[in-house]
1. Looking at segment 54-72, which of the residues that are in contact with a Ser or Thr (Cβ under 7 Å, 6 or more places away or on another chain) and of a type in the set (Gly, Ala, Ser) is farthest from ALA100 (Cα to Cα)?
2. Looking for something of a type in the set (S, T, N, Q), at pLDDT 95 or above and either over 26 Å from PHE65 (Cα atoms) or surrounded by 20 or more Cβ atoms within 10 Å (Cβ to Cβ) (or both) - is there at least one such residue anywhere in segment 117-139?
3. Quick one: GLY80 ticks every box in (1) of a type outside the set (A, V, I, L, M); (2) touching a Gly at 6+ places or on another chain (Cβ under 6 Å); (3) surrounded by fewer than 17 Cβ atoms within 10 Å (Cβ to Cβ) bar one, so which box is it?
4. Within the set of pairs 6+ apart or on separate chains, which have a first residue in segment 24-49 that is surrounded by 10 or more Cβ atoms within 10 Å (Cβ to Cβ) and in a loop (DSSP other than H, G, I, E, B), a second that is of a type in the set (Phe, Trp, Tyr) and modelled with pLDDT of 70 or more, and C-beta atoms under 9 Å apart?
5. Just need a number here: residues in segment 86-114 that are under 26 Å from PRO42 (Cβ atoms), over 17 Å from the mean Cα position of the chain (by Cα) and in a helix (DSSP H, G or I).
6. Look at GLY77 and say whether it is modelled with pLDDT of 95 or more, of a type outside the set (Val, Ile, Thr) and in contact with a helix residue (DSSP H, G or I) (Cβ under 6 Å, 6 or more places away or on another chain).
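The values are calculated or read from the model by the stated rules, or taken from the named source; none is laboratory data. Remember, predicted model here, so these are calculated numbers, not experimental data. Cβ placement follows ideal geometry from the backbone for every residue including glycine, while neighbour counts extend to all protein chains displayed.
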Amino acid sequence: MDPYQNYQPGQNGFPPPGNGPYQQQYQQPPQYQQPPQYGYQPPHPGKEKAKNAMIVGIIAAVAMFLGYTAIVSIVLGIVGLVMVNKAKNMGYFGSECTTATVLSIVGIVGGVISFIVTVAVLVIGAMSWLDMFSYYTEILPF
């Protein structure tokens, strides 16, 4: 025997469903808009050229301190400036372009100064060695 077969809503002190003070009609939850999907945007093509120019400028700035590689510093500085110019022609004017330009110019100027100092030291050293050699040739009876 089913105890609920004679059940009538509102009997036994319980109000019928939907008539109580706490009963509300269920509403649809608010619909939130999805944020727009932007997708993948490839980087600006000039940015890669500017990054490469910055790397070349860093190498140029470091190479100026290594004596004989000052010529490499000058060449890499010029290559860096050409690469920056290409990046700017592609329409990219970011901070990488400025950094690469500064480093390339530092590499060129520092390379020229370093090369001049290296050649001067070699010439002075060679002259000193020749002077010393001539002194010994005068005192030795060959």
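1. GLY67
2. Scanning segment 117-139, I find no residue that is of a type in the set (S, T, N, Q), at pLDDT 95 or above and either over 26 Å from PHE65 (Cα atoms) or surrounded by 20 or more Cβ atoms within 10 Å (Cβ to Cβ) (or both), so the answer is no.
3. Unmet condition: (3).
4. What qualifies is HIS44/TYR92.
5. 2
6. Yes; evaluated as a whole, the condition is true for this residue.
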